[in-house]
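First up is the structure itself, then whatever we jot down about it.
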Amino acid sequence: MVLRYGPNRLSPAGMNAHSALPADRPVIAPALFVFALLYGGMTCIAGVLGNKQVALGPFAVESGMFAFLILVILGGAVTELYGRRVANRLVLWGFVPLVAAILLSIFVSALPPSPDMEPERLTAIQTVLSGTFRIWLAGPIAYGVSQLLNVTIISFVRERMGGPVWVRAGIAGAISQAVDTVIFITVAFLGVFPILPLLIGQLLAKVTLSLLVVPWLVSAAVAIGTRLDRPGPRRTPA
C-alpha cells in the first residue's frame, strides 16, 4: 500500500497541532519515500558519471550506466511493491530532476568563471557541464523509454507467468538496458563516428550486469522495502 492515513496529534479544531493540514492527510510509505529520493538522485548524477569511460574487461563503457542500473533496480522494486501505476508515476516524475539537472548544468556552464579558478580545473568542470544538444536529447529519451519498458515487462511477466522476483527482474533489466543503449548511442552519436564498437561493448556490459547483478539487487530492494513498510509499535502521544 502506497498511501496510508495515520493518526496525528490533534488540536481542538481537528487539525494537526503543528500545521494546517488535516489529521487524516495521506502519508507516503517509508520505502517508497526512500526509493524516490534515491531515484531522483540517480537521474541527476548519471550525466556526470557518463563523462568517464571505464574498462570492463575488453570493453570500454561510459560509467553513467551504473546509475541507470540503479534506476532499473529501484523501478523494479517499486513495481513489485506498489504496482505498475505507481512505478510509472515514479519514472515520469523522474523527468523533473533529470531536466532540472540538465538546465542547471547549461546555466552554470554559461556563467563567467572566477579569475581565481585554475585553468585545469576550469577545463575539467566545463567538460563535465557541457554537452552537445544531441547528448542532452538522447539522455531523457533513453531514460523514459527504457525505464517505462522495465516497469511494463516486470508487470507483464508477473501477471502472465508469475515466478520469483529475480527471474522477471533479470528479463526486464536485460531488455530495457539493451533498448536504453541502442537509443542513447544512436541519437547521440550516429553520424558523428562509427558507433558499432561502442554499441556492442555497451550492450554486452549492460546485458551481462542486468542478468548477473540486477535480479539479486531487485530482490534485496524488495526485501528492504517490505521491512521499511512493516508497521512498528504504535507510540502513545505525550
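The values are calculated or read from the model by the stated rules, or taken from the named source; none is laboratory data. Quick caveat: nothing in here was measured; it's all calculated off a predicted structure. For neighbour counting, all protein chains shown are included, and Cβ atoms are generated from backbone atoms with ideal geometry for every residue, glycine included. Surface areas here come from the heavy atoms of the whole protein model, side chains and all, with no ligands, DNA or RNA. Shrake-Rupley method; radii C 1.70, N 1.55, O 1.52, S 1.80 Å.
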* Counted residues, region 31-56 - those being over 19 Å from the mean Cα position of the chain (by Cα) and touching a residue at least 24 places away in the same chain (Cβ under 8 Å) -> 1
* Structure fact -> The one condition Val151 fails out of (1) part of a helix (DSSP H, G or I); (2) more than 16 Å from the chain's Cα centre (by Cα); (3) not hydroxyl-bearing (Ser, Thr, Tyr) is (2)
* Structure fact -> Of the candidates Ile171, Ile141, the one satisfying the condition of being under 16 Å from the mean Cα position of the chain (by Cα), of a type in the set (Val, Ile, Thr) and open to solvent by 40 Å² or more (accessible area, probe 1.4 Å) is Ile141
* Structure fact -> If we ask which residues in region 187-229 are modelled with pLDDT of 90 or more, surrounded by 15 or more Cβ atoms within 10 Å (Cβ to Cβ) and more than 19 Å from the chain's Cα centre (by Cα), their number turns out to be 2
* Structure fact -> For region 77-96, pairs from a residue that is under 13 Å from Asn150 (Cα atoms) to a residue that is outside any helix (DSSP H, G or I) and modelled with pLDDT under 95, with Cβ under 9 Å and 6 or more apart or across chains, are Gly83/Val2
* Structure fact -> How many residues of region 115-135 are over 21 Å from Lys206 (Cβ atoms), part of a helix (DSSP H, G or I) and either in contact (Cβ under 8 Å) with a residue 12 or more places away in the chain or open to solvent by less than 70 Å² (accessible area, probe 1.4 Å) (or both)? The answer is 7
* Which one is nearest to Val128 (Cα to Cα), of the residues in region 31-51 that are modelled with pLDDT of 80 or more and open to solvent by 50 Å² or more (accessible area, probe 1.4 Å)? -> Val48
* Would you point out the residue of region 154-164, among those that are over 19 Å from the mean Cα position of the chain (by Cα) and of a type in the set (A, V, I, L, M, F, W, C), that is most open to solvent (accessible area, probe 1.4 Å)? => Met161
* Asked: Can you name the residue in region 57-88 that is of a type outside the set (A, V, I, L, M) and in contact with a Phe, Trp or Tyr (Cβ under 8 Å, 6 or more places away or on another chain) and is also least open to solvent (accessible area, probe 1.4 Å) among such residues?
  -> Gly75
